[in-house]
1. So Ser57 passes all but one of these: (1) of a type in the set (S, T, N, Q); (2) at pLDDT 95 or above; (3) over 17 Å from the mean Cα position of the chain (by Cα). Which condition number does it fail?
2. If the Cβ limit is 9 Å and pairs must be 6+ apart or interchain, which residue in region 58-75 that is on the phi > 0 side of the Ramachandran plot pairs with which residue that is open to solvent by 20 Å² or more (accessible area, probe 1.4 Å) and among the acidic types (Asp, Glu)?
3. Go through region 3-52 and give me each residue that's farther than 21 Å from Pro145 by Cβ and more than 21 Å from the chain's Cα centre (by Cα).
4. Scan region 97-118 for residues that are assigned to a loop (DSSP other than H, G, I, E, B) and in contact (Cβ under 8 Å) with a residue 24 or more places away in the chain and report the count.
5. With respect to Trp93, determine if the residue is among the hydrophobic types (A, V, I, L, M, F, W, C) and either modelled with pLDDT of 95 or more or within 11 Å of the chain's Cα centre (by Cα) (or both).
6. Take the residues in region 14-61 that are of a type in the set (A, V, I, L, M) and in contact with a His (Cβ under 9 Å, 6 or more places away or on another chain), then tell me which one is most open to solvent (accessible area, probe 1.4 Å).
7. Inside region 27-57, can you point out the residues that are without any contact (Cβ under 8 Å) to a residue 40 or more places away in the chain and either in a helix (DSSP H, G or I) or of a type in the set (Phe, Trp, Tyr) (or both)?
8. Do you know which of the residues in region 119-151 that are part of a helix (DSSP H, G or I) and loosely packed, with under 12 Cβ neighbours inside 10 Å is nearest to the chain's Cα centre (by Cα)?
Amino acid sequence: MSWLRALLRYAAYALRALPLAARRIPTRLRAPRRMLGESVLPHKFSALRSVSHSVLSGGVGLLAWFLAFLAIVAAFRGVCFPLVAGDNLDGSWGGPSLAGAWAVHAALGVGLLPVWLLILAGLGVFQLRLTRGLLGRKGPRWPAPVAVALVAGGVLLFVAWLRQA
């Protein structure tokens, strides 16, 4: 069960990244040590690195919050399917009966929660790499361009979600 605890910690770190993006640098460097047991040795202060980390970490953190929201909505809609979409059974998965549609939507909504947890934990691991890359002494350079791509993909996902019928 230690792997589940680690997944939950990294997922929590991914969600905490958004409020941390507006905090001071020492607080951002202290959070991985407290939450994950991972230390980040600080790099010499640079305003460009600090602002870059704030923007990119905040954007990826906002993506993590949006994905957590989608997971909760999917689970809620799956369990409460007859209340939210019980009138359109012909075109729904598991239809045309209410029991079949409800069973399929509940199984998918609840069954995919571990996948959502893995995605959030992956974003938490990425946030740690981003912090090490921009604010740490020793860190990879690849997280910054990947963060830009993640934020752009998150914006596209959000726009697509808003425009769905």
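1. (3)
2. Close Cβ pairs satisfying both conditions: none exist.
3. Listed by number, the residues that qualify are Arg24, Ile25, Pro26, Ser39, Leu41, Pro42, Lys44, Phe45.
4. Going residue by residue through region 97-118, those that are assigned to a loop (DSSP other than H, G, I, E, B) are 97, 112.
Within this subset, residues satisfying the condition of being in contact (Cβ under 8 Å) with a residue 24 or more places away in the chain are 112.
Final tally of qualifying residues: 1.
5. Values: among the hydrophobic types (A, V, I, L, M, F, W, C): yes; either modelled with pLDDT of 95 or more or within 11 Å of the chain's Cα centre (by Cα) (or both): no.
So Trp93 does not fit the description; no.
6. Taking region 14-61 first, the residues of a type in the set (A, V, I, L, M) are 14-15, 17-18, 20-22, 25, 29, 31, 35-36, 40-41, 47-48, 51, 55-56, 60.
Checking the rest, the ones that are also in contact with a His (Cβ under 9 Å, 6 or more places away or on another chain) come to 21, 25.
Numbers: Ala21: 11, Ile25: 36 Å².
The residue in question is Ile25.
7. The initial filter retains those residues of region 27-57 that are without any contact (Cβ under 8 Å) to a residue 40 or more places away in the chain, namely 27, 30-31, 33-35, 37, 39, 44-48, 51, 54-55.
The answer is Thr27, Arg30, Ala31, Arg33, Arg34, Met35, Phe45, Ala47, Leu48, Val51, Ser54, Val55.
8. Looking only at region 119-151, we keep the residues that are part of a helix (DSSP H, G or I), and these are 119-135, 143-151.
When the remaining residues are screened for being loosely packed, with under 12 Cβ neighbours inside 10 Å, the result is 145, 149.
Working: Pro145: 18, Ala149: 14 Å.
Ranking the candidates gives Ala149 first.
The values are calculated or read from the model by the stated rules, or taken from the named source; none is laboratory data. Please read all numbers here as calculations on a predicted model, not as lab measurements. Counting neighbours? That spans all protein chains shown, and the Cβs are built from the backbone with ideal geometry, glycine included. Accessible surface areas use protein heavy atoms only, side chains included; no ligands, DNA or RNA. Shrake-Rupley method; radii C 1.70, N 1.55, O 1.52, S 1.80 Å.
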